[in-house]
1. Look through B:Glu139, B:Glu126, B:Glu157 and report the one residue that is within 16 Å of ligand 2 (Cβ to nearest atom) and among the charged types (D, E, K, R).
2. I'm told A:Ile255 meets every condition in (1) more than 15 Å from the chain's Cα centre (by Cα); (2) among the aliphatic types (A, V, I, L, M); (3) buried (at least 24 other Cβ atoms within 10 Å of the Cβ); (4) closer than 14 Å to A:Gly80 by Cβ except one. Can you identify the failing condition by its number?
3. Which of the residues belonging to the range B:209-225 are away from ligand 2 (no atom under 15 Å from the Cβ) and surrounded by fewer than 21 Cβ atoms within 10 Å (Cβ to Cβ)?
4. Could you list, in sequence order, all residues of the range B:192-205 that are within 16 Å of ligand 2 (Cβ to nearest atom) and surrounded by 19 or more Cβ atoms within 10 Å (Cβ to Cβ)?
5. Sort through B:Gly72, B:Gly42, B:Gly30, B:Gly65 and tell me the only one that's small (Gly, Ala, Ser) and within 16 Å of ligand 1 (Cβ to nearest atom).
6. Cβ contacts < 9 Å: first residue among the β-branched types (Val, Ile, Thr), restricted to the range B:50-62; second residue in a loop (DSSP other than H, G, I, E, B) and away from ligand 2 (no atom under 16 Å from the Cβ), any location; separation 6+ or different chain. Result?
7. Kindly indicate which of B:Ser13, B:Ser20 is farther than 28 Å from B:Ala175 by Cβ and either surrounded by fewer than 18 Cβ atoms within 10 Å (Cβ to Cβ) or within 13 Å of ligand 1 (Cβ to nearest atom) (or both).
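The values are calculated or read from the model by the stated rules, or taken from the named source; none is laboratory data. Keep in mind it's a predicted model, so treat the numbers as computed, not measured. Cβ placement follows ideal geometry from the backbone for every residue including glycine, while neighbour counts extend to all protein chains displayed.
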Amino acid sequence: MTQPAMDVSAGAPTRSYPLYLRDIAGVAAILVAGAAGYWLFPDNLALLTRIIAVALLVLSLDLITGYCGVASLGQATLFGAGAYAVGFACVHGGVTEPLTLMLIGAVAGATAGLAMGAIMLRAHGLAQLVLSIAIVQLGHEAANKFTGYTGGSDGLAGLSVNPLFGVFEFDLWGRTAYLFGLALLVVVFALLRVVVSSPFGVLCRGVRQDPVRVKAMGAFVFPVILKMFVISGAVAGLGGALAAISTQVVGLDSISFELSANALVMLVLGGLGTLYGALVGTVIFMAFEHVVSAINPFHWLTMVGALLVAVVLVAPGGLVNLAGKVGGIGRSKGSKP
Amino acid sequence: MSDLFRVDGLTKSFGGLAVSRAISLAMAPGERLALIGPNGAGKTTFVNLVTGQLRPNAGRVVLNGEDVTSLGAVRRVRKGLVRTFQVTRLFAEMTPREHVTLTVLQREGKATGIIGRFLGNHTVAEEVDDLLDVLGLVEKADRPVGEIAYGQQRLLEIAIALALKPQVLLLDEPAAGVPSSETPRIEQALARLPASLAVMMIEHDMDLVFRFARRVVVLAAGAIIFQGPPAEVAADARVREAYLGNYANARRVA
Ligand SMILES: Nc1ncnc2c1ncn2[C@@H]1O[C@H](COP(=O)(O)OP(=O)(O)OP(=O)(O)O)[C@@H](O)[C@H]1O
Ligand SMILES: [Mg+2]
């Protein structure tokens, strides 16, 4: 009777231990890649900072799509909420302390996430997806319309932000912004790994796979997804805030259907439900966009489309899953043919 | 009023099809009841009505003297009204250990915490090990459910239900798809349950029904046509009539 029980309790830690190691390795990999970017592309730090901001958006999308199974084509609503909140606070409200502004972005994103989740979760399936598009379009129109506050299509310009910690100025080359963004990404990523490995994270995975089963286990589904929407909103809001602070302008593109759709493409490209996929997908998509659009400004989208088709056909689980299979380090989850 | 659980006049139709016709039934604490009936009799629908997956057109569900008819499925589970599914509903990517751990955490109100490791709680882990052991799932505990045999998935369904510490347990064909060498597992697991609990088992395997049940209820075309001890069910004329060919098969098994 005690024999199997002992085997099992010995088995449990060995299973979670490599995961824990993997997360440390993951954070280290982000830092190494980030540092390499800093040294290799010193003239492109603005682009790299943009990649980090978008990576936060794609991470936020992974939380609701990859973990909870709610697809959205309106995730930039939450990104835009963070960006515009920072813009308002800075330009109209006179708030110039960068960490305060980041906090404002996160809170605005979380609030928008709460509202968006409450609306989207009233529908299911295709209707839900359409609802997400409608919400981002409404947000876009609102930002376009209230020119007095948002600057309309010219964008909300003139954010002047104090030095970080009162010491590091946001310089012309974007070094401070980039390093700040990198640190932010690492912290957010590590926190999200904690969240998705927690009981709540596992419950979300359950909700994605079978909500009826989750209810029969005695757990409510709606509040769980809504909670994830709030967390997702905070992360997307931080991305928007970073974009606003680093570029000192908030444009209509930050709350657009296009950005939302691209975020979903990046997520599918990298792979859903791992957080790693979100990062890989963002970097590859944006690097591809940058390089190919320089070579051929007219057909780069065609190329991205072809890349996506190839990935979906060859590696339906996304690039991270493919890499996992090839390298034998992936989870056994995607082992179906 | 000593009933632990009772339904009064439970009625449900889908379009014009009456699937539950004024079903009334009571279960005392410790009751072991088998609900049988031909295919399509409305047994699963009855479970769905009782546990809140479906809303009845009329009738009441009463647990411990409290009318729970207006409560949703989640609240009924939390009050101790627990079911298993005839066709397994599990998370294909998760392991048996994860399923049972999640269930125990939920029961303890800890399933929505965002800090703290999922498998980090020692007391929970011990309880989970114990449940997996009872249902013979220790070896497959860390395999994704999609990769284990269907019979073991059926056993996991039961482990999840037991992890909820039910007061009333409704098992919808627990042995369907379980190899006969493994059915004693189900009986052992049920034998370990606290005596106070009421168990209703829907089952086509008459051997199992006779060993398990003290009372048999027969449902046909949505209505109860027989209630009584297992020994009398085979002799009942209406039951024979309801089963026709089906019943001949069931008899051969028994
Ligand atoms: N959601 C539904 N919509 C319409 N008809 C339904 C629905 N659910 C069940 N039915 C019908 O109700 C009848 C009873 O079905 P139910 O699943 O309750 O039978 P059962 O006794 O569990 O049968 P089995 O032994 O095959 O599991 C069947 O004729 C079925 O087709
Ligand atoms: Mg049935």
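1. B:Glu157
2. (1)
3. Selection gives B:Phe210, B:Arg211, B:Arg214, B:Arg215, B:Ala223, B:Ile224, B:Ile225.
4. Result: B:Met200, B:Met201, B:Ile202, B:Glu203, B:Asp205.
5. None of the other options fit; the residue is B:Gly42.
6. Pairs that qualify, where the first residue is among the β-branched types (Val, Ile, Thr) and the partner is in a loop (DSSP other than H, G, I, E, B) and away from ligand 2 (no atom under 16 Å from the Cβ), are B:Val61/B:Gly52; B:Val61/B:Val68; B:Val61/B:Thr69; B:Val61/B:Leu71; B:Val62/B:Asp3; B:Val62/B:Val68; B:Val62/B:Thr69.
7. Working: B:Ser20 fails: farther than 28 Å from B:Ala175 by Cβ.
After ruling out the rest, the residue left standing is B:Ser13.
Okay, residues lined up against (1) modelled with pLDDT of 90 or more; (2) within 16 Å of ligand 1 (Cβ to nearest atom); (3) away from every other protein chain (no Cβ under 14 Å):
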| residue | (1), (2), (3) |
| --- | --- |
| B:Ala163 | yes, no, no |
| B:Ala195 | no, no, yes |
| B:Val199 | yes, no, yes |
| B:Phe212 | no, no, yes |
| B:Arg238 | no, no, yes |
| B:Tyr247 | no, yes, yes |
